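Engineer: Here it is, the structure in full.
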Amino acid sequence: MPRNEAGFSLYTRCMSSPKAHAVSWSALDTDHPMPLIERQRFVGEHMMISRVLLSKGFSVPTHEHANEQFAVVLSGAIRFDLGDADDPTSESTTLGPGDVLVIPPNAPHAATAIEDTLILDCFSPTSETTGVDRNA
C-alpha cells in the first residue's frame, strides 16, 4: 500500500501500540473511494474513525454492514434514508452540524449530501471496507 512522506499508509492502524498516543489528520493519506468523496481513516483495535468530506450531490446507495456506525456531522447538511427503499416503514432524516446519527449493525441506509458536508464516521468493530467502498 502506498505511503505518504510521514510513513503512514492509506489508512493507519494503531493495533500494536498499548500506549495512548496522538495522530494528526494531516499525517494521513486521503482516498477517493467514490466520486465526490474524500476520506481519511484511522483504524484501532476495536473501532475505526473516518474523516469524510462529501461534495454536494454525493450519494451512496442503500447498503448495510456488520459495523455499528455513528455519523457525526461537523458541517454541511446530509439526508439519510433509513431502511430498504421498497420498505413502507423506511424513513428519511436530514442532519446538520452537531447532529449524530446512530446506525445499528446490519441496518440498511443510504445518504445524499445536500451541500458540502464534513462528517466523522465511527465504526465498531473495524473492517477493511465501508459502504462507500463500492467494489467490496
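Engineer: Here is a list of conditions, (1) in contact (Cβ under 8 Å) with a residue 60 or more places away in the chain; (2) out of contact with any Gly (no Cβ under 6 Å at 6 or more places or on another chain), and Asp86 meets all of them except one; can you say which number that is?
Structural biologist: Result: Asp86 passes all but (1).
Engineer: Here's a follow-up. What are the residues in segment 64-91 that are farther than 21 Å from Ile37 by Cα and not acidic (Asp, Glu), if any?
Structural biologist: Passing the criteria: Ala66, Gly83, Ala85, Pro88, Thr89, Ser90.
Engineer: Which residue is nearest to Ser59 (Cα to Cα), if the candidates are limited to segment 86-102 and must be at pLDDT 95 or above and part of a loop (DSSP other than H, G, I, E, B)? Full working, then the answer.
Structural biologist: From segment 86-102, those at pLDDT 95 or above are 91-102; that's our starting set.
After this cut, where a residue has to be part of a loop (DSSP other than H, G, I, E, B) as well, the list is 96-99.
Details: Gly96: 16, Pro97: 19, Gly98: 21, Asp99: 19 Å.
Checked segment 86-102; the qualifying residue nearest to Ser59 (Cα to Cα) is Gly96.
Engineer: I'd like the full set of residues that are closer than 20 Å to Met47 by Cβ, free of Cβ contacts under 8 Å to residues at least 40 places away in the same chain and of a type in the set (A, V, I, L, M), limited to segment 89-130.
Structural biologist: Listed by number, the residues that qualify are Val100, Leu101, Val102, Ile103.
One line per residue, one yes/no per condition, for (1) at pLDDT below 95; (2) under 12 Å from the mean Cα position of the chain (by Cα):
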position: Pro104; (1), (2): no, no
position: Ala113; (1), (2): no, no
position: Ile119; (1), (2): no, yes
position: Thr129; (1), (2): yes, yes
position: Val132; (1), (2): yes, yes
position: Asn135; (1), (2): yes, no
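Engineer: Please work out if Glu128 is of a type in the set (Asp, Glu), assigned to a strand (DSSP E or B) and within 27 Å of Ser24 (Cβ to Cβ). I'd like the intermediate steps shown before the answer.
Structural biologist: Details: of a type in the set (Asp, Glu): yes; assigned to a strand (DSSP E or B): no; within 27 Å of Ser24 (Cβ to Cβ): yes.
No.
Engineer: Give the residues of segment 107-125 that are outside any loop (DSSP other than H, G, I, E, B), touching an Asp or Glu at 6+ places or on another chain (Cβ under 9 Å) and not hydroxyl-bearing (Ser, Thr, Tyr), sorted by residue number. Break it down into steps so the answer makes sense when it comes.
Structural biologist: Step one: filter segment 107-125 for residues outside any loop (DSSP other than H, G, I, E, B), giving 109-113, 117-124.
Next, only the ones that are touching an Asp or Glu at 6+ places or on another chain (Cβ under 9 Å) stay: 109-112, 122-124.
Residues satisfying the conditions are His109, Ala110, Ala111, Cys122, Phe123.
Engineer: With respect to Arg51, determine if the residue is free of Cβ contacts under 8 Å to residues at least 60 places away in the same chain, of a type in the set (Lys, Arg), in a strand (DSSP E or B) and on the phi < 0 side of the Ramachandran plot. Explain how you work it out, then say what you get.
Structural biologist: On the way: free of Cβ contacts under 8 Å to residues at least 60 places away in the same chain: no; of a type in the set (Lys, Arg): yes; in a strand (DSSP E or B): yes; on the phi < 0 side of the Ramachandran plot: yes.
No, not satisfied.
Engineer: Of the numbered conditions (1) more than 23 Å from Ile103 (Cα to Cα); (2) in contact (Cβ under 8 Å) with a residue 12 or more places away in the chain, Thr30 satisfies every one except a single condition; which is it?
Structural biologist: (2)
Engineer: Answer yes if at least one residue in segment 108-124 is in contact with a Phe, Trp or Tyr (Cβ under 9 Å, 6 or more places away or on another chain), loosely packed, with under 12 Cβ neighbours inside 10 Å and hydrophobic (A, V, I, L, M, F, W, C), and no otherwise.
Structural biologist: no
The values are calculated or read from the model by the stated rules, or taken from the named source; none is laboratory data. The structure presented is a predicted model; accordingly, all values stated were derived computationally and were not measured. Virtual Cβ from ideal backbone geometry, glycine too; neighbours counted across all protein chains shown.
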